[in-house]
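First up is the structure itself, then whatever we jot down about it.
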Amino acid sequence: MTHRSRIATAVAAALVLPTAFAAQAQDFADPARFELRLSAFNPEANIAFRGDGIATDGESTEELEAVGDIGVDGRWRPRGEFAFNMTPRQSLRVNYYDYRREESWRFDGEWVDPGGIFDEVELPGDPVEVPSVDLDGRLSFELASVNYDFAVVDTPRFEWGLGLGITHASLEARATGRSTGTDELDPEWERVSWKRDGTSPNLHTRLAWTPAPRWRVEVQGQYLDTRWGDFIDERGHFERGGLLVEYLLTDRVAIHAGYDWFRLKLSDDYRGSFEAPDESGIGTVDVSGRVTGQFKVHGPMAGVTFRF
């Protein structure tokens, strides 16, 4: 080999080798001690209520049923996830969600004829004026979880992890209502608030697939029962699932996009009684049943992943 050929070979090696090593490093199969995902989450919320019951006076029985549903559009909120890979098979994973939404409703008021409310019943009386009402509401939900993850299956391209963890959740709803009043009714103002927060153990699972060196697809899921901790007195359970696709730009930085979904479902039994009007001849009416509530949040997310 001539001197000129050696120089050309050395220059080629200097140009090719760093590129080759960089390409080799851009692989999700290469281990990273820490991974931090910072995302923007655009959730929609749905609140559903259902009540079932039975009313009886001892001789006759009537079934009761009521259903309600409230949907709230989404706005971008922060979401974070942190993974500490202690060993090739063991890791600690932290997830955080923050959902807040404010809504306003207005009812302009109108005149209502009592006799036209029920077709099968004729009610006496003149039309009455229903006042206009302004209602402002706020719903907030925070969720933070820490999970120990052990990879039951661990290959360069596929992982399946199982684990246990602790979840802390805070759910708060506030509403303020104002009515303008009419000739017969005075203006009124009322505020209602409800808040629950606590901690509970949870179950965790994770699937990670690397179909190509720069691509990773991950699915996560968590589950908890409200009776496991002190989050809330009512019976129920919490479920969460997420799908994420990541693309590795460099050996340290990736971009990701996905979809997250979680649901809190609660139920509680009730029992009571009331005295019917004397002219009805019914007497005491006993009522019992169950109320079920469901709070569901779901939406897309996107962000940046840092590996170091």
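Applying the set (1) at pLDDT 90 or above; (2) surrounded by fewer than 17 Cβ atoms within 10 Å (Cβ to Cβ); (3) part of a strand (DSSP E or B); (4) among the β-branched types (Val, Ile, Thr) to THR250 leaves exactly one unmet item: (3).
Within the stretch 52-75, restricting attention to residues that are at pLDDT 75 or above and of a type in the set (D, E, K, R), the residue that is surrounded by the most Cβ atoms within 10 Å (Cβ to Cβ) is ASP57.
Among the residues making up the stretch 185-219, a single one is under 30 Å from ASP30 (Cα atoms), more than 30 Å from the chain's Cα centre (by Cα) and assigned to a strand (DSSP E or B): ALA212. In contact with a strand residue (DSSP E or B) (Cβ under 8 Å, 6 or more places away or on another chain), loosely packed, with under 15 Cβ neighbours inside 10 Å and of a type outside the set (S, T, N, Q): is that true of GLY242 in this structure? Considered against the rule, which asks whether it is in contact with a strand residue (DSSP E or B) (Cβ under 8 Å, 6 or more places away or on another chain), loosely packed, with under 15 Cβ neighbours inside 10 Å and of a type outside the set (S, T, N, Q), GLY242 comes out as no.
Given PRO213, PRO201, which one is touching a residue at least 24 places away in the same chain (Cβ under 8 Å) and exposed (fewer than 14 other Cβ atoms within 10 Å of the Cβ)?
Going through PRO213, PRO201 in turn, the sole match is PRO201.
Tell me whether the stretch 11-34 contains one or more residues that are in a strand (DSSP E or B), modelled with pLDDT of 75 or more and touching a strand residue (DSSP E or B) at 6+ places or on another chain (Cβ under 7 Å).
Yes, the stretch 11-34 contains at least one residue that is in a strand (DSSP E or B), modelled with pLDDT of 75 or more and touching a strand residue (DSSP E or B) at 6+ places or on another chain (Cβ under 7 Å).
Within the stretch 169-184, is there a residue that is under 24 Å from MET301 (Cβ atoms), of a type in the set (D, E, K, R), in a strand (DSSP E or B) and open to solvent by less than 20 Å² (accessible area, probe 1.4 Å)? Scanning the stretch 169-184, I find no residue that is under 24 Å from MET301 (Cβ atoms), of a type in the set (D, E, K, R), in a strand (DSSP E or B) and open to solvent by less than 20 Å² (accessible area, probe 1.4 Å), so the answer is no.
Among the numbered conditions (1) modelled with pLDDT of 80 or more; (2) within 30 Å of SER267 (Cβ to Cβ), the only one that PRO156 does not meet is (2).
Step by step: first the residues of the stretch 141-150, then only those that are touching a Ser or Thr at 6+ places or on another chain (Cβ under 8 Å) and open to solvent by less than 20 Å² (accessible area, probe 1.4 Å), then the one that is modelled with the lowest pLDDT. Which residue is that? So the residue we want is PHE141.
The values are calculated or read from the model by the stated rules, or taken from the named source; none is laboratory data. From a predicted model like this one, the values you see are computed outputs, not experimental measurements. As a convention, Cβ positions derive from the backbone with ideal geometry for all residues, glycine included, and neighbour counts pool all protein chains shown. Remember, those area values only see protein heavy atoms, side chains included, never the ligands or the DNA or RNA. Shrake-Rupley method; radii C 1.70, N 1.55, O 1.52, S 1.80 Å.
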